[in-house]
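Below is one structure, written out as structure tokens, with a few remarks after it.
The values are calculated or read from the model by the stated rules, or taken from the named source; none is laboratory data. For clarity, every value in this text was computed on a predicted model and none was experimentally measured. Cβ placement follows ideal geometry from the backbone for every residue including glycine, while neighbour counts extend to all protein chains displayed. Just so you know, the surface numbers come from the protein's heavy atoms only, side chains and all, with ligands and any DNA or RNA stripped out. Shrake-Rupley method; radii C 1.70, N 1.55, O 1.52, S 1.80 Å.
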Amino acid sequence: MIIKNAKIYTPEHTFRTGDLIIREGRIVYGAAPEQGEEVLDADGAYALPGLVDIHFHGAVGHDFCDGDEAGLQAIADFEASKGVLAICPATMTFSEEILNGIMDMAAAHKNGSGADLVGINMEGPYISPSKIGAQNPKYVQGADVGMFHRLQARSGGLIKLVDIAPEEPGNLDFIRACSEEVRISIAHTCTDYATAKEAFAAGASHMTHLYNAMPGITHREPGPIIAALEDHAEVELITDGVHIHPAMVRFTFNTFGDDRVILIADSMMACGLPDGSYSLGGQAVTVRGPRATLTEHPDVIAGSATCLYDCMRHAVKEMGVPLESAVRAASENPAKSIGVDSDYGSLAAGRYGNVILADEDLNILTVVQKGKVISSAQ
């Protein structure tokens, strides 16, 4: 396939007008057109890399933690239609027995269609019982190296992220033991600045949904956010317009830099569906517009109802984030974070031909996966 006349997002994080050539599913540069090759005229549209979501729970009525292959396939198909072509869905706080079934299902999944399953984000159960958010307190436990290794074996090595509250007993030891084999993220935590610094020194390098379910910043108690800034951690942001004020989103890009910010959806099963009653981690959730909250505790946000592409678009159109920075944070940065950037997250030579064509208002026109059109607004 040749995509002609596009404003291409380059590996240098700028735009240039030109053509993209995709051969055998991957991007090539400097090749001559071949006879009979499919030509797609972008007519000046943006050509963006397929997005990579490393933290979300579900969509279109399905949750990754249902452990159901048909549900995972429905999620993958929906995400691909929204330009998210690589997914690393998150587990909730559950027992090892329940997590076993989820890992088995993921290991058996074949990436035949829809977004490619490229990893698993283990958001629970090694979190703080005092910062539970929408997680299930019944299953919270201390970090367990043996349990992680057993789950990783069942998943076929798919676990790419493990979330940790470092202040809980024994959890720093887990970071020291496992940070060489999986990325460790500070999450759902009451940690202070000093303990967060210990966690980063021990090998943590990531922050889960920054600002949410963690202490904030004050002048005498700087907390984990300042520790993350000083130790050059990468940080997740949910830019759905509910979780974080636009000024804080701009502040984060300006302070951490667009090479260390990762946009995530943190979406639950209501994503792609109308307002109503749903569930997350076995708890009832009520969705009204973009806001999802626990039904019994309406002041507790329960993930989002917005896909990653719309979060990225919202960051640009409503929050004042430069397009080049938002695209980087939704594609290249998450791909690098979980180690799949040799295949996903950019339009560099050799990467999969995963391309989103979007108009000036960032409406999706066409989604191309590995050189084949899979979705079109026409």
Per-residue ellipticity at 222 nm attributable to helices in the chain (runs of n ≥ 4 DSSP H, -39500 (n - 2.57) apiece, nearest 500 deg cm²/dmol) works out to -7500 deg cm²/dmol
Of the accessible area of the range 214-327, computed with a 1.4 Å probe and all protein chains kept, carbon and sulfur make up a percent value of 51
From the cross-link list Lys7/Lys372; Lys336/Lys370; Lys4/Lys160; Lys160/Lys317, the entries with a Cα-Cα span beyond 29 Å are Lys4/Lys160; Lys160/Lys317
Residues other than Asn254 with Cβ under 15 Å of its Cβ, Lys/Arg counted +1 and Asp/Glu -1, net out at 0
Once the in-chain neighbours fewer than 8 apart are removed, the aspartates and glutamates whose Cα is under 20 Å from Lys131 read Glu123, Asp144, Asp163, Glu167, Glu168, Asp192, Glu198, Glu221, Glu236, Asp266, Glu296, Asp299
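Taking only protein heavy atoms into account and a 1.4 Å probe, give the accessible area per residue of the chain in Å².
Values: 14200 Å² over 378 residues.
Each residue of the chain exposes 38 Å² on average to a 1.4 Å probe.
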Which residues qualify? For Ile262, with a placed amide H closer than 5 Å and at least 5 residues away or on another chain, they are Val235, Glu236, Leu237
So for the range 204-243, using the alpha carbon gyration tensor with a ≥ b ≥ c as root eigenvalues (a/c under 1.5 gives rounded; past that, a/b versus b/c decides prolate or oblate), I'd call it oblate
Given unit charges at Cβ for Lys, Arg (+) and Asp, Glu (-), the dipole magnitude of the chain about its Cα centre in debye, nearest 20, is 260
Applied in sequence order to the range 275-286, the curve 6.51 cos²θ - 1.76 cosθ + 1.60 (Karplus, θ = phi - 60°) yields integer Hz couplings, x standing for Gly and Pro, of 4, x, 9, 9, 9, 8, x, x, 10, 5, 10, 10
The alpha-carbon pair-distance distribution computed for the range 1-124, with 5 angstrom bins and whole-percent values, is 2, 10, 17, 17, 13, 11, 11, 9, 6, 3, 1, 0
Within the under-11-Å Cβ sphere about Lys82, not counting Lys82, Lys/Arg +1 and Asp/Glu -1 give a net charge of -3
The chain: antiparallel bridges as % of DSSP beta bridges, rounded to 5, reads 55
With the 8 Å Cα cutoff and a minimum separation of six or more residues, the chain has a relative contact order in percent of 20
So, over other residues within a Cβ distance under 12 Å of His109, counting Lys, Arg +1 and Asp, Glu -1, the net charge is -3
Rh (Kirkwood, all Cα-Cα pairs) for the range 263-375, Å, reads 15.7
With DSSP loop assignment and no more than 11 other C-beta atoms within 10 Å, the trypsin sites (Lys or Arg not before Pro) in the range 219-277 are Arg220
Phi-derived 3J(HN,Hα) across the range 32-41 with the Karplus relation (6.51, -1.76, 1.60, θ = phi - 60°), rounded Hz, x for Gly and Pro, is 7, x, 10, 4, x, 6, 5, 10, 10, 7
The alpha-carbon pair-distance distribution computed for the chain, with 20 angstrom bins and whole-percent values, is 31, 58, 11, 0
Dipole check, the chain, charges on Cβ (K,R +1; D,E -1), about Cα centroid: among Ala326, Leu308, His206 the Cα furthest to the positive pole belongs to Ala326
